[in-house]
Structure formats: C-alpha cells, structure tokens
Amino acid sequence: MLSLDALQKTIARSVLGGNSFGLAPLLEAGQFDPYGRLRVYQNNTRASLTATLMAVFPVTVKLVDERFFRYAASEFVRRNPPREPRLSRYGSDFPAFLRTFDGLEEMPYVSETARLEWTIAEALDTATRPARTLADLDKADAEATPDLILQPSLRMLVSHWPVLSIWSAHQDGGEPMHVDASRRRPERIALWRSGESVRFASLPAAQFAFRNSLRGGLGLEKAVSRALAHDPMFDVLGALVGLFGDGLVAHVRFDPNPSN
C-alpha cells in the first residue's frame, strides 16, 4: 500500500501530466468512470494554471493571439508543473519557455516582453518599505560614508528589444501599431512597486549601472565608480536626488571606516 506522500505525488503527476500510469490500482469504479473523474481534475487544474498565466502575461497574450497563447500555456503546464503552492509564483520559467517554443523562434520580442511582465509580477509581490529622504544623508559626520539600502521591490532589466515601449503601447490609451516590435532597440529598465501599481524608469547606461550597483549591495562609492565608467560626466548629485525622489531609498546606513 502506498504511503500518503507517495499517493499524493502519484495523483499530482497524473493530474498535471496526464499520465495515469501507476494510478489504475488506486481507482475504484464506483458509479462513474474513475478515469472520467480524473479527467475532470486534469481539465480544471490546467484551466486554472492557464488562467493564472494569462493574468500574469496579458500583453504577451495580445502579441501572439489568445488561442496560440492557450496552446503554449497548455504545453508549458504539461512540462512545468507548479513547484510551490502559491499560484502567484507560477510562471517564472514561462518567458524562457517561449524563447524556443515552436512558432516563436523568429519573434524574440515575445519572450522578452513576457520577461518584463514576470518582473512586474515579482515587484508587485514584494513588500515596500517606508522611503527615506535626502535629509537622512545629513545625520552623520563628514567622515562617514553613506550606504544606501534600496527598496526590495526594485528590479533592473536589460533587453535588446523595446519591451517597455511594447508593454506601454498595449495599456489603455496606447497605440500598438506605432511600435515596431521586431526592430532591435535596447532598453535599460528600472521598475518598482508603488502602492498597488508599478513605476518604471527607462535609464541611460550610467544611471542603470548606478542603481543596479546599489541594488546589488556594492555601496555608494562603487556605484558612482561604475556609473563614471559609462559616463565621465555622470551627475552624482542628480542621481541621488532622483533616487530619493523616486522613493527608492529604504534605509541609509553610515560606515565611519569605509573599506577600500
């Protein structure tokens, strides 16, 4: 007799993968066909997971047509069942799946747009801390070096395709026909949660390097150094004002003995 854990895993594989191998001895005929009852669970589960993907990737749905998206989603669900119980975390591998999916090999902007949409979902699923102000930089003596801790919802994304332009064009009031999705045009994007929505910033290379370095915990000095490597005229004060103005600084810490 199977243990409860083995039984649950066998049923889960059958529901998610459609393979009923090894399940037959566990099914009782009863009044209705047991395999028919199992197919009800299979169909409901796949429909639920497909609906989840459609909710997370609405612009991707528009790019490929709903019928094609449902087909791709069904294949993804079959090959990539959920690994954790929260549906809000399902779909992290979907952009990479679309990159090589039959029919989309010549449309790389589709998987890249999906990558942006997943990044948006991640930001919305992350808590926001109270933002600090520029005044917090004045709370230490002149010898101290400030260390800026950024909002945990901040995400940095680089794409060779105009994914933010594509995404924006498909929002209410946008004009999708005015965006050439198939034309390579790099975009460096910062996005973060603001209340129940997401804010975006399209950044030049130096600004992107500055914020990305701070997000990675490299410290203010290294962040400035990396930004200057991209642009010797990088405006450090302006970058700090923008960082605080966007509400991206969650904590200001001071190190009186910075390491070199």
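When you count the other C-beta atoms within 10 angstrom of each residue and take the mean per peptide, 182-195, 59-72 line up highest first as 59-72, 182-195. Counting other Cβ atoms within 10 Å as a rough exposure proxy, the listed residues ASP138, ASP180 run ASP138, ASP180 from fewest neighbours to most. Model label sites at LEU137 and ILE149, defined 7 Å from Cα along the beta-carbon direction, differ in position by 2.0 nm. Count Lys and Arg as plus one, Asp and Glu as minus one, and take only other residues whose Cβ is under 14 Å from that of LEU214; the net charge is then +4. A Cα-only calculation for segment 128-260 places Rg and Dmax at 16.7, 55 Å. With a Förster radius of 22 Å applied to the beta-carbon distance between ARG185 and ALA96, the computed FRET efficiency rounds to 0.55. Treating r as the C-beta distance of VAL158 and ASP125 and R0 as 22 Å, the FRET efficiency rounds to 0.55.
Between segment 178-257 and segment 97-151, how many Å separate their Cα centres? Value for the Cα centre distance between the two parts: 10 Å.
Each reported figure results from applying straightforward, stated rules to the coordinates on display, with no laboratory input. These numbers were taken from a predicted model, which means no experiment stands behind them. A quick note on method: Cβ atoms are made from the backbone with ideal geometry, for glycine too, and the neighbour counts reach across all protein chains shown.
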